[in-house]
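J.: I have a structure here, written as structure tokens, and I will follow up with some questions on it.
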Amino acid sequence: MIIKPNIREFFARVIIPIIAWLAGIILLETFLKTYTSVMLSIEGLLTLIILVYVCGTYISIYSTKWAIDKEVISRTHGILAKRKDYIELYRVVDYAETQTFTQLLFSVKTVIIMSTDKSDSEMAIWGIPKKNDVIAQIRNKVEQCKKEKRIYEITNR
């Protein structure tokens, strides 16, 4: 199973910075009317910063994907240099779903997978459509993997 972030995750990440940029431009227009050259320089700098942020966010989102097979969950990300992180399914111990305010607006969520792995104890899968029940699919694969490897959880109550 391959998971890629939904386009709505991009909008959820850039909406607040774009609103802040627009507010900054409006404030500059209001308070620096007499200093036209200074105002244009600051507006240009703010526009350049927001463009770099938006492009970087787009590249970051679309260069990331997760693969879930019968033994591992892997995350691949990067453009010029690729990095691949793994979590063994038998090490997964818990799951969580989170939504930021902007993710709520755009109907996407983040699923966090917690494991006993020392180097990478949490893996976040973001940009998942709100209605997609990824946790149930992962849970089934985790249970199947633990049965195949004969790994049982011992609890002390």
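J.: Give me the Kirkwood hydrodynamic radius of segment 4-70 in Å, from all C-alpha pairs, to one decimal place?
T.: Working: mean 1/r = 0.0721 Å⁻¹.
Kirkwood radius, segment 4-70: 13.9 Å.
J.: In the structure displayed, which of K70/K146; K70/K109; K84/K131; K65/K130; K109/K147 lie more than 21 Å apart, Cα to Cα? Can you show the working numbers first?
T.: Values: K70/K146 10 Å; K70/K109 24 Å; K84/K131 27 Å; K65/K130 17 Å; K109/K147 29 Å.
Beyond 21 Å: K70/K109; K84/K131; K109/K147.
J.: Binned at 10 Å from 0, what are the whole-percent values of the Cα-Cα distance distribution for the chain, short to long?
T.: 10, 30, 26, 16, 10, 5, 2, 0
J.: Further, regarding this structure: By per-residue mean of other Cβ atoms within 10 Å, what is the highest-first order of 138-148, 100-110?
T.: Working: 138-148: 15.3, 100-110: 16.9.
In descending order of packing, they fall as 100-110, 138-148.
Read-outs: derived from the displayed coordinates by stated rules, not from any lab. Every value quoted in this text rests on a predicted model; they were computed, and no experiment measured them. Ideal geometry is used to build each Cβ from the backbone, glycine not excepted, and the neighbour counts take in all protein chains shown.
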